[in-house]
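S.K.: Structure provided below as structure tokens; questions to follow.
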Amino acid sequence: MTDAALTTDTLAVTYTGNRRVEAVKGVSLEFPRNQLTAIIGPSGCGKSTLLKSLNRLHEIQPNVEISGDVTLNGRSVYDTDDPIPEIRKRIGYVPQEPTPLPLSIYENVAYGLRIHGEFESDADLDDRVERYLRKVNLWEEVEDRLDAPGAELSRGQIQRLCLARSLAVEPEVLLCDEVTSALDPVSAETVEETLADLKSEYTIVMVTHSMDQARRLADEIVFLYLGEVVETNDATSFFENPQAERTKEFVAGHGVAVPDDSDDEQSEKPSVTPEQ
Amino acid sequence: MTDAALTTDTLAVTYTGNRRVEAVKGVSLEFPRNQLTAIIGPSGCGKSTLLKSLNRLHEIQPNVEISGDVTLNGRSVYDTDDPIPEIRKRIGYVPQEPTPLPLSIYENVAYGLRIHGEFESDADLDDRVERYLRKVNLWEEVEDRLDAPGAELSRGQIQRLCLARSLAVEPEVLLCDEVTSALDPVSAETVEETLADLKSEYTIVMVTHSMDQARRLADEIVFLYLGEVVETNDATSFFENPQAERTKEFVAGHGVAVPDDSDDEQSEKPSVTPEQ
Amino acid sequence: MDRYAKQRLFGALARGAAALVVAVMALVVAVTIARGGFVFITDPAIAVTPPGSRYMLEADGGFLHAVLGSILIVGPATVVSALLAVSTAIYLQSDYSSERFAESVNMFLNVLWATPPIVYGVFVLTVVIAVGARTSLFFGIIAIAIFQYPIMTRYTDEALRSSPESVKATTYGLGATRFETARMTVRAALPGVVAGIIMGFARGIGDAATVLFTAGRSTNMPAGLFEPATTLPVLIFDQAMSFNADVRSHAYAASFVLIVAVLGLIVVSRLLAGRYARYAPGGRHS
Amino acid sequence: AGSGSNGNSSSAVRISGGVGPLPMVEVWADMYEDQTGVTFDISGGGTGVGVSDLFNGQVDVAMMGRDPDEEELEEGLIAVPMLIDTVVGTVNVDNPVYDELRENGLTREDLEAIFTREITNWGDVADADVDEEITVYGRSDSSAAYQQWGDFLGGDGDKHTESELENLADANHNGDQSVAEAIGRNENAVSLNNINYVYDLGSGELESDVRPIPLDIDGDGLSEDEDFYETRDEFLEAVEAGIYPAPPAREMFLAADDGFEDEAYDFVEWVLTDGQEYVSENGYVPLEEGRLEEALEKLAEGP
Amino acid sequence: MASSTEPTETSGGHSGRLASRLRRERVSSYWFAGAGYFAIALFGLIVLTLVYQSLPLLSEFSIVQMLTSSQWDPAQQEFGFLPAIVGTIYVTILSMAMGTPIAILAAIYIAEFAEGRTKTLVSSFIDVLAAIPSVIFGLVALIVVVPFVGDYLAPAVGSSATGLGIFTVSLVMAIVVTPFMISLSVESLESLPDELRESSLGVGATQWETIRSVLLRAAGPGIFSAVLLGFGRVFGATIVPAMLIGGQTQIPDSLFATGQTLPTLIVNDFGELMSLPLTQSALIFVGLTLVIVVWLFNFSAMYVRKRLKRRWQY
Ligand SMILES: Nc1ncnc2c1ncn2[C@@H]1O[C@H](COP(=O)(O)OP(=O)(O)OP(=O)(O)O)[C@@H](O)[C@H]1O
Ligand SMILES: Nc1ncnc2c1ncn2[C@@H]1O[C@H](COP(=O)(O)OP(=O)(O)OP(=O)(O)O)[C@@H](O)[C@H]1O
Ligand SMILES: [Mg+2]
Ligand SMILES: [Mg+2]
Ligand SMILES: O=P([O-])([O-])[O-]
């Protein structure tokens, strides 16, 4: 595990809005280079929060506190003079909902390149757009309608477009939050295939709620429960030979980790301290 | 199958909006009395449409055409002088999303009773509300806050409240559309338990996308595909010994019936004829 | 009365209410068109003819001065106001300001939204006097811009809020700055933003109370930024009270022009909204 | 004035103020510009706006539809009369006692009794067998005409204020035209109008449904020389000759802050001399000789 | 691929661009912050100005005395606002009483009954109506409503009236704000989830029962806001009352009586009398009163809305 692209050091994230929610509680992890790490865990356990804190994307929300650190290739992501946009460029993020920007298909992919000025000429830009559309297996489907609005694609195509857009700025790490869960099964499959193709070249951290998907795609698994890491291991060991009691339950229960007795929705969440 | 509470006779439902969608194509079914029938099938196959057409609830949408017939205890639901609300009282409906009416917990349950004037006195109303809240295992959790808005309950509690509200008018048939799918796993379980308790007393028709749930709860299974019934059988035979090729695939694939090749979302839907 | 009779009665009432509103609308438009459209059609030149010196006495000339005044006042006011409104709306987004601040600004916006236009007129006039200036085109622009600002901010803010959070997550995730993200958010919400701006424009072009005491109520062609001017609604208000029947008929013709302009605005806003909607996330589904 | 304000407006004579005299001033300005090349920049807004602009140094001349107020004079306002606008009592052409009114006229006292609601039935106005309630309309818009009317009704040394009259009326209208329309619709109504709303502007005849109430000045019925209501010209002559009293005829003013200067001075001087001959044809009444001289003196004298 | 690109290379080669992006970011954030505070500043400036300009009046007369006196005679330096206040209240209440039920009914028709083409047609009609400038309503009312009220309606109820007055203004203002309230109410009805309808109809409720007991509550806070905005427009209406109210500064004694509202006081007197310091101050004080009432009203409405939202949540 020495070749970790991204590491976290007792990272804790707390929402301080109406009520205090400790969403992530002191997590130390290593995400190995050019592998796909899947973060799994029951709903509300802090997966998305953890993922966003890796490239400081949680900061766009009000009322969040963070402690601990994240390092990318040995350099801190928090304790740094680098402007945040630079950090996020190096650690890309793809949200759950397939989100075309209100631009053409071409401009969706070119967006990051344009804002960072990362192209020499128009021809170079064309090249890059094509390259990344090919990388996500979308080029054939869209090459004759690059000027159409991105929103006119099917949701599965849009999600691949989002991947291409993120890859185009050449991030060192790619964070994907349940990128297939808003898709119908067929579209989900094509996006999954694309991720499978990409994982050897990129360091990918993916959140998923599907045990099957984690099994199919991941090299490493992180199992998060109530904001804490219960177990982390390579995928095979994790599923074949889970260590923690919780993990066994969770894997057996097909993703449903049933806590305690009440059905009140809060009981499934991390510790909550009402403020007023 | 002679004791069918509800039957359909070549029931076909077509949406005639922008594009013509034949959502249900000539379905003839029998739903046995005091049993729970589960309708399963891939997303968009017409489950909800079929369910709603059983008590004419599809009619609240514009642009729907229907043919064929539905009979409740031998009397037609469509070819009748009964006002539609009377029909819907006899065939109750619980939607997927837990939906409290903007009333107190008490008034949510009393709603149908008040409308139909089905109580003798305030004390009688109190009795009935309590009875049905007990029936759905909710009474203990809410008895000391009956005046609170229904929406302040947890989602799982709300879904049970909805069941109580529907049961209170003493329907002959209860239609449930994926009543657990919007719930977290824990809440889903309590609602499922409630349904299990109820099924011996009521004729229940339930739509679900979870094979496991169908297996756990249903007496009868109807497998719908692209608006047509592929197979219908009692639950045990259905899962142990599926007849149709499609059914085998579907049961094996854990609910994902993958058609053709494209990932365009439309391909998963019933036949669609664009109109313009 | 049994439940079904109630249902029928109520349905009839609802239908009747809608019919009544539509009938009133038809009546207003019909009267305006009959009265004003007729004047206008027999002498379309009145809308593009400047008034003469005997305009008030003999309806010599037309009301080009008010048409121009409306354009010259409401046009720039809309630009200024839209710029401010969109900026305010962006600032009210969570990445710029705290929820609490946004809430208090919203409270002030609500109060401004409900403030009677005549108060804006009085306010600006007071300023005019205080700075020792004279009512003019310029102050008309200021007054209308102030009037439009809360209207546009409200719509714009709503539009930005309803644009999906994932657009923000996406652009930030690509390394965009807040400014770059804001631009994309506005773009994603463009149908709503444009509708809000057009709404403000329509309200601005129809309002008389704000400009009554601020633009100068001129009967001449607007001659400069700091010269008096008038607008169509003020002209209508003034001319409806003229002793000359021809001048009074101009009030109806001006109403006709104003209604046509407002109708045009609505059509344009629908078309624009339709065009931008193609690009909106999930656009093709709507 | 239209083309004038397009030109070099910094040297233009800037005028603003009341809408009452505005139409006449526009005509004057246009003619003066033709003759001398001096340009004008004129706007309405109300007498108060004009005076306010004047004090702020924003205009050279204010048009005033009313007498200057004490407070305004204290601030250094100089107002010279420029013309007379005439207010007359009005009724509907189908008034139940119109024939009697036309025959005998009404005295000031009659009118006062009507407007102060001492008499409320047309049957009591004229000895006719009529039983119709009188509807009294007034003005709601700080009208100078209305103020003059109050001054007139009060008689010597007394007057009714505008607010007093407003409160006694059945309804008050914003602007002369609304009054004229209301009179035209209501057979039993009585009110007052500036004469441009009574006589047709083009022909100078009584064409609408509004009729002037002849004034019985000496209280002995309508004599030959008190009967001048058939046409506007006839009427205006009577006003000019002073037969028709002032008030209700009333002066309108051009005003300056601390004296008229340069082109503004010349213009006002022209208005008070050559300009007077165009007044009648536009429905206003020129000042009579003596008053003109006083005005010119005041102009020359300055602050 | 990603690892082959050295991060230092990338950022180093474009540091100029990055710097300028960051500068733009900084400058723009100042601008946006400025715009954010503008709303507050504008409000503050308006209130301060109006207060300051009202001082001459307030130093001479007591507020209570002016608010309760019905003598309005600027020429005599009598400034009693009561008649205009009463007129404003009458017009507001009457308009809302006429407009609100119609608006809610029509909104229900559009949201719940109308379908397809009719629905599109009716709602576009309403949109157009909402956008017509109120001065045009005033103008049309002068030739339609005024004679109707004066010649038929008022005599029919035994009132002798001129057609101008409280009732006419209220009627026309109801017409002005109704489409406005309809659009907003339709919006909040349409944003309700279909599940609410299905839940209610699913236990055998009629459509009317569903609307009355469920939809109107669920959309209640939204409809309340719509009515509130309508209220604001009637309360501050200027041009229509100026054209139609009959400008009588006296406490109206019947529905058909003429009257005065606070805004018409300003319109009628400001242009003519603003050069008289005390009158000017009095009219500005009227503006201040309007703002303060709107302010108080908004606060209480916010509170009510919050309560409704809690009570009628779904
Ligand atoms: N903006 C926020 N303010 C306050 N609390 C929040 C916020 N976002 C998330 N939370 C809370 O923090 C906890 C963790 O949320 P998070 O979204 O990270 O969970 P998750 O594992 O991604 O859940 P899911 O599987 O449902 O996406 C939850 O209890 C959630 O309610
Ligand atoms: N109001 C409507 N107008 C037009 N088409 C509709 C409408 N409602 C449903 N459809 C279409 O009819 C088909 C059947 O829809 P239905 O909702 O019955 O499927 P379902 O099996 O319940 O799907 P799901 O599992 O996603 O709930 C789908 O193709 C759907 O797109
Ligand atoms: Mg998540
Ligand atoms: Mg469904
Ligand atoms: O000239 P007026 O003041 O009566 O309008």
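S.K.: Over all directions, the average projected area of the alpha-carbon convex hull for the protein assembly as shown comes to how many nm²?
M.R.: The number I arrive at for the protein assembly as shown is 61.0 nm².
S.K.: Show me B:212-224, D:16-28, E:256-268 ranked by packing, highest mean number of other Cβ atoms within 10 Å first.
M.R.: E:256-268, D:16-28, B:212-224
S.K.: If one takes the accessible area of chain C alone plus chain A alone and subtracts that of the pair, with a 1.4 Å probe, what total in Å², rounded to the nearest 100, results?
M.R.: Result for this pair: about 2500 Å² buried.
S.K.: Here is a follow-up. With a point put 7 Å past each Cα toward its Cβ, work out how far D:D274 is from C:V260 in nm, to one decimal.
M.R.: 4.2
S.K.: With unit charges on the beta carbons (Lys and Arg positive, Asp and Glu negative) and the dipole taken about the Cα centre of segment B:4-252, which residue among B:F239, B:I66, B:N137 sits farthest to the positive side?
M.R.: Positive-end residue among those listed: B:I66.
S.K.: List every residue whose amide H lies under 5 Å from the amide H of B:D177, counting only residues 5 or more places away in sequence or on a different chain, with H placed 1.01 Å from N in the peptide plane.
M.R.: Excluding prolines and chain starts, which carry no amide H, the hits are B:V94, B:Q96, B:V207.
S.K.: A follow-up question, please. Can you tell me which lysines have their Cα less than 24 Å from the Cα of C:K6? Leave out same-chain residues fewer than eight positions away.
M.R.: Qualifying lysines at Cα under 24 Å: B:K89, E:K119.
S.K.: Another question, if that's okay. Quick one: of the DSSP bridges fully inside chain D, what percent are antiparallel, nearest 5?
M.R.: 65
S.K.: Amide H to amide H, which residues 5 or more places from E:D73 or on other chains are under 5 Å from it, using H placed in the peptide plane?
M.R.: Excluding prolines and chain starts, which carry no amide H, the hits are E:E78, E:F79, E:G80.
S.K.: List, shortest first and in nm to one decimal, how far the label point of A:Q243 (7 Å from Cα along Cα→Cβ) is from its counterparts in the other copies.
M.R.: From this label point to the equivalent ones elsewhere in the assembly: 5.3 nm.
S.K.: Please say if chain E is rounded, prolate or oblate, where rounded means a/c under 1.5 for a ≥ b ≥ c the square roots of the C-alpha gyration tensor eigenvalues, and otherwise the choice is prolate for a/b larger than b/c and oblate otherwise?
M.R.: Cα axes put chain E in the oblate bin.
S.K.: Where the only charges are on Cβ atoms (+1 Lys, Arg; -1 Asp, Glu), what is the dipole of segment D:212-303 about its Cα centre, to the nearest 20 debye?
M.R.: 320
S.K.: At the nearest 100 Å², what buried accessible area, both sides summed, do you get for C and D when the probe is 1.4 Å?
M.R.: 2500
S.K.: Sticking with this one: Would you calculate the separation in nanometres between label points at E:E187 and B:R131, each defined as 7 Å from the Cα along the Cα-to-beta-carbon direction?
M.R.: Label at E:E187, label at B:R131, 4.7 nm between them.
S.K.: If you don't mind, another one. For segment E:84-142 and segment D:77-103, what is the separation of their Cα centres, given in Å?
M.R.: 42
S.K.: Moving on to the next point. Leaving ligands, DNA and RNA out of it, work out the accessible area of A:K47 with a 1.4 Å probe and give it in Å² to the nearest 10.
M.R.: 10
S.K.: With θ set to phi - 60°, apply the Karplus curve 6.51 cos²θ - 1.76 cosθ + 1.60 along segment D:50-67 and write out the HN-Hα couplings as whole Hz, x wherever there is a Gly or Pro.
M.R.: Result, ordered by residue: x, 5, 4, 4, 4, 5, 7, x, 8, 9, 8, 9, 10, 8, 10, x, 9, 5 Hz.
S.K.: Still on this structure, I have one more. Going by Cα centres, segment E:257-300 and segment E:153-229 are how many Å apart?
M.R.: Comparing the Cα centres of segment E:257-300 and segment E:153-229, I get a distance of 30 Å.
S.K.: Using amide H atoms built 1.01 Å from N in the peptide plane, name the residues 5+ places from A:S28, or on other chains, whose amide H lies under 5 Å from its own.
M.R.: A:T10, A:L11
S.K.: Quick one: ranking D:T39, B:T236 by accessible area, 1.4 Å probe, largest first, what do you get? Walk me through the intermediate numbers first.
M.R.: Values: D:T39 25, B:T236 90 Å².
Correct descending sequence by accessible area is B:T236, D:T39.
S.K.: Highest GNM mean-square fluctuation, chain C, Cα pairs closer than 10 Å: which of C:T214, C:T32, C:T78?
M.R.: With Cα springs under 10 Å in chain C, the top fluctuation among C:T214, C:T32, C:T78 is at C:T32.
S.K.: If you take the alpha carbon radius of gyration of chain C and divide it by 2.2 N^0.38 Å, what ratio comes out, to two decimals?
M.R.: Details: Rg = 22.6 Å, N = 286, 2.2 N^0.38 = 18.9 Å.
Rg over 2.2 N^0.38 Å, computed on Cα atoms: 1.20.
S.K.: Calculate what fraction, in whole %, of the accessible area of segment B:15-75 sits on carbon and sulfur atoms when a 1.4 Å probe is rolled over the protein chains. Walk me through the numbers before you get to the answer.
M.R.: On the way: 870 of 2290 Å².
For segment B:15-75, the apolar C and S fraction of the accessible surface comes to 38 percent.
S.K.: Which of the three applies to segment C:188-265, rounded, prolate or oblate, going by the alpha-carbon gyration tensor with a ≥ b ≥ c and a/c under 1.5 meaning rounded? Spell out each step's value before the answer.
M.R.: Details: a/c = 2.87, a/b = 1.63, b/c = 1.76.
Taking the square roots of the gyration eigenvalues as a ≥ b ≥ c, segment C:188-265 is oblate.
S.K.: Using each residue's phi in segment C:77-91, evaluate 6.51 cos²θ - 1.76 cosθ + 1.60 at θ = phi - 60° and report the 3J(HN,Hα) Karplus result to the nearest Hz, with x for Gly and Pro.
M.R.: 4, 5, 4, 4, 5, 4, 4, 5, 5, 5, 5, 4, 4, 4, 5
S.K.: Relative contact order for segment A:67-167 using alpha-carbon pairs under 8 Å, separation at least 6, rounded to a whole percent?
M.R.: Relative CO of segment A:67-167 lands at 37 percent.
S.K.: For segment B:173-213 and segment D:121-150, what is the separation of their Cα centres, given in Å?
M.R.: Here the answer is 82 Å between Cα centres.
S.K.: Using a/c under 1.5 as the rounded threshold, could you call segment D:123-216 rounded, prolate or oblate? The axes a ≥ b ≥ c are square roots of the C-alpha gyration tensor eigenvalues, and prolate needs a/b larger than b/c, oblate otherwise.
M.R.: It comes out rounded by the Cα gyration axes.
S.K.: Just from its helices, what would the mean residue ellipticity at 222 nm be for chain A, if runs of 4 or more DSSP H residues each count -39500 (n - 2.57) and the sum is divided by every residue, rounded to the nearest 500 deg cm²/dmol?
M.R.: -10000 deg cm²/dmol
S.K.: Okay, moving on. To the nearest 20 debye, what is the magnitude of the charge dipole of segment A:130-197 about its Cα centre, counting +1 on the Cβ of each Lys and Arg and -1 on the Cβ of each Asp and Glu?
M.R.: 140
S.K.: Now, a different point. Farthest toward the dipole's positive end in the protein assembly as shown, which of C:A245, B:P185, B:V77, given Cβ charges of +1 (Lys, Arg) and -1 (Asp, Glu) about the Cα centre?
M.R.: B:P185
S.K.: Filter the GluC sites (Glu not before Pro) in segment E:37-115 down to the DSSP loop ones having no more than 15 other Cβ atoms within 10 Å, then list what survives.
M.R.: Here the sparse-neighbourhood loop sites are E:E60, E:E115.
S.K.: In sequence order, what are the phi-derived ³J(HN,Hα) couplings for segment D:153-163 according to the Karplus relation 6.51 cos²θ - 1.76 cosθ + 1.60 with θ = phi - 60°, rounded to whole Hz, with x for glycine and proline?
M.R.: Listing the rounded values in order: 4, x, x, 4, x, 9, 7, 9, 6, 4, 4 Hz.
S.K.: Quick one: helix E:166-190 against the long Cα principal axis of chain E, what's the angle to the nearest 10°, folded into 0 to 90?
M.R.: Its long axis makes an angle of about 20 degrees.
S.K.: Could you tell me the relative contact order of chain B? Use alpha-carbon pairs under 8 Å, at least six residues apart, and round to a whole percent.
M.R.: 28
S.K.: On to the next question. For the modelled label position 7 Å from the Cα of B:D3 along Cα-to-Cβ, which residues of segment B:169-207 have backbone nitrogen atoms closer than 20 Å?
M.R.: B:171-175, B:196-206
S.K.: Over the protein assembly as shown, average the accessible area per residue using a 1.4 Å probe and give it in Å², no decimals.
M.R.: On the way: 53960 Å² over 1455 residues.
Solvent-accessible surface per residue comes out at 37 Å².
S.K.: Compute, for segment A:1-142, the length of the dipole vector about the Cα centre, with Cβ point charges of +1 (Lys, Arg) and -1 (Asp, Glu) only. Units Debye, rounded to 20. Don't skip to the end; give the middle numbers.
M.R.: On the way: 16 positive and 22 negative charges, 137 e Å.
Taking the Cα centre of segment A:1-142 as origin, the dipole is about 660 debye.
S.K.: For E:M98, E:M181, E:M302, write out the residues from largest to smallest accessible area, computed with a 1.4 angstrom probe and no ligands counted. Write down the numbers at each step before the final one.
M.R.: Working: E:M98 50, E:M181 0, E:M302 80 Å².
The residues order as E:M302, E:M98, E:M181, largest area first.
S.K.: Work from the charge dipole of the protein assembly as shown (Cβ charges, +1 for Lys and Arg, -1 for Asp and Glu, about the Cα centre) and give the residue of A:G26, E:G163, E:L50 farthest towards its positive end.
M.R.: A:G26
S.K.: Let me ask you something else. Lysines within cross-link reach of A:K199: Cα-Cα under 18 Å, excluding same-chain residues under 8 positions apart?
M.R.: Filter leaves A:K135.
S.K.: While we're looking at this one, here's another question. Chains E and D: buried accessible surface, both sides, probe 1.4 Å, rounded to 100 Å²?
M.R.: So the total buried area for this chain pair works out to about 2300 Å².
S.K.: Which angle from 0 to 90°, rounded to the nearest 10, does the C-alpha axis of helix D:22-36 make with the longest principal axis of chain D?
M.R.: With rounding to tens, the tilt is 30 degrees.
The values are calculated or read from the model by the stated rules, or taken from the named source; none is laboratory data. Please read all numbers here as calculations on a predicted model, not as lab measurements. In this analysis, Cβ positions are derived from the backbone assuming ideal geometry, glycine residues included, and neighbour counts consider all displayed protein chains. Note: accessible area is taken over every heavy atom of the protein model, side chains too, but ligands, DNA and RNA are not part of it. Shrake-Rupley method; radii C 1.70, N 1.55, O 1.52, S 1.80 Å.
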